[in-house]
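To start, the structure under review is shown below, and the notes come after it.
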Amino acid sequence: MNAHFIWRTFRVLCPALALTLTALSASERPNFIIIFMDDVGYADVGCFGAKNFQTPRLDRFAGEGVRLTDFYAQAVCGPSRGALMTGRYPVRVGGGWRTNGDEVTVAEVLKGAGYVTCCIGKWDMSNRRYQEGLMPNDQGFEHYFGTWGANDSGKVTLHRDGEKLETTSDMSSLTRRYTDEAIKFLGEQKKEKPFFLYLAHTMAHVMIDASEQFKGKSGGDLYGDVMEEADWNAGRLLDAVRELGFEENTFVLFTSDNGPWNSKEEQFRKSHGGHQATGSALPLRGGKSSAYEGGFREPTILRGPGVPVGESRDGILATLDVLPTFAALAGADLPQDRVLDGVDQSAYLLGKAPESARDHFVYHIGPEPRALRWKEWKLWFNKRGKGNGGGQAAPYVAAELYNLKDDIGESKDVAADHPEIVARLLAMAQEAPSGKKPVPGVKPGRGKKSTLPTTP
């Protein structure tokens, strides 16, 4: 019988004793930290292949935990954050830049289990502006410091909880400033109560800049300086975790929201004011906004209690899996009134299961799936036609098939050699959530409708 089912039943039948046991076990629950970069490519960390700059602290961090080589986010910023926070494909949570107010975030799940929750940095889940019911403090975070959206204009407005602080064009200070806030939050925590810290950096999104301490340090371009500064600040945060006595009971996840900008320079300069980021997704093909691997697959590292040390895992994982995995590790309950696309990966990440709990992943561009991976196979397919007029969408049509184990760069289409694989993946694609057909889940709205129980 499932352990979480037993615990939920026990809480209902013996609430007083359950409260006592919860209080006694609070200090044993793990803490969680997510370091979420912006527009960082697969090869933008040393241990994933960075060439023109160094990331010694992240490389050391990888040696203390596990390197996840097949970890997927989403194609662009806002939808990627929606998937991370809710464990649901973006098409289920408002599509692009808006997360419905009745969605349940990982912060709400953990807060309901007694966690202190904090979000620092780029929110980008409310169409980059204030929307009632959609701000961090409405979505499960007790503490918030950062900006509601991106820095495309060269400026950001910083807020603390509901209070506007300042508007600044100093992009060079943001990485350290966010990290200072994160370290301050850690210093305020007590071991008697677990915490969840979500640190979402603005760098390295479009208007990149580095402080004087790091400008020119990489010996390459500005992007290298930005990444070396991000690495140094990640080290500061990891040092604080150790010095404050949290290291042995804290899971730290490092990843990014999507691949790097790879637009043609002229087009990029026209739309983003001349500040071009130059991240790399090599050996992957494509970048941000693309359904090729370079748009979705991210350099990802996990360290924590029970996580294998100095190893790599090549099973399919995704930001979608963060919510159910953290919930399982924390002994928290999941919402029961909606479809979760994420799966509990705790056994795989702790080395207790030989394979990932996920065998497939859908690559959405906007509301439509554009590709699907199943095991080592990845099928691209064309968008649906108009259908038959009877409410049935037209089937997808296969375009290209790649074997990612043999061809990580998606350079050789092998569809003609494997018709049975094509047929299987097309059938799976037809069942994928799409903005062109109704999807299970709650209707859009501002009010909470979750059946998520609250743990004292």
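If R0 is taken as 22 Å, the Cβ-Cβ distance between Thr69 and Lys412 corresponds to a FRET efficiency of 0.60.
How would you order 241-254, 181-194 from highest to lowest mean count of nearby Cβ atoms within 10 Å?
Details: 241-254: 18.1, 181-194: 15.9.
By packing density, highest mean first, the sequence is 241-254, 181-194.
Protection proxy ranking, highest mean first, for peptides 165-173, 401-409: 401-409, 165-173, where packing is the per-residue count of other beta-carbon atoms within 10 Å, averaged. Listing Met428, Met135 from fewest to most neighbouring C-beta atoms within 10 Å gives Met428, Met135.
One chain, two ends: Lys191 and Val339. Fully extended at 0.36 nm per residue, the span grows by 49.9 nm beyond their Cα-Cα distance. Once the Kirkwood radius over Cα pairs is known for the stretch 30-359, the Stokes-Einstein relation at 25 °C and 0.890 mPa s delivers a diffusion coefficient of 126 µm²/s. The amide H of Ile316, built 1.01 Å from its N in the peptide plane, has Ser356 as neighbours under 5 Å, considering only residues 5 or more places off or on other chains. Neighbours of Thr69, meaning other residues whose beta-carbon lies under 12 angstrom from its beta-carbon, give a summed charge of -1 when Lys and Arg score +1 and Asp and Glu score -1. All other residues with a Cβ under 15 Å from the Cβ of Lys217 taken together, and with Lys, Arg as +1 and Asp, Glu as -1, what is their net charge? That works out to -4.
As an exercise, identify the trypsin sites (Lys or Arg not before Pro) in the stretch 98-137 lying in DSSP coil whose Cβ has no more than 14 other Cβ atoms within 10 Å. Write out the running numbers ahead of the final one.
Details: sites: Arg98, Lys111, Lys122, Arg128, Arg129; in loops: Arg128, Arg129.
Answer in residue order: Arg129.
Note on Asp161 and Arg242: the model spin-label points, each 7 Å out from Cα along the C-beta direction, lie 3.4 nm apart. Cross-link pairs exceeding 26 Å between alpha carbons, from the set Lys190/Lys352; Lys51/Lys352; Lys122/Lys288: Lys190/Lys352; Lys51/Lys352.
Each 5 Å bin, from zero up to the one with the longest distance, holds this percent of the alpha carbon pairs of the stretch 106-235: 2, 11, 20, 21, 18, 14, 8, 4, 1, 0.
Please list, ordered by chain and number, the residues whose modelled amide H lies under 5 Å from the amide H of Ser280; skip anything fewer than 5 residues away on the same chain. Long-range HN contacts for Ser280: Gly41, Ala43, Asp44.
Read the figures in this text as sums done on the coordinates, not as results from a lab. Keep in mind that this is a model prediction, so the values were computed, not measured. Here the Cβ is made from the backbone with ideal geometry for all residues, glycine too, and neighbour counts use every protein chain on show.
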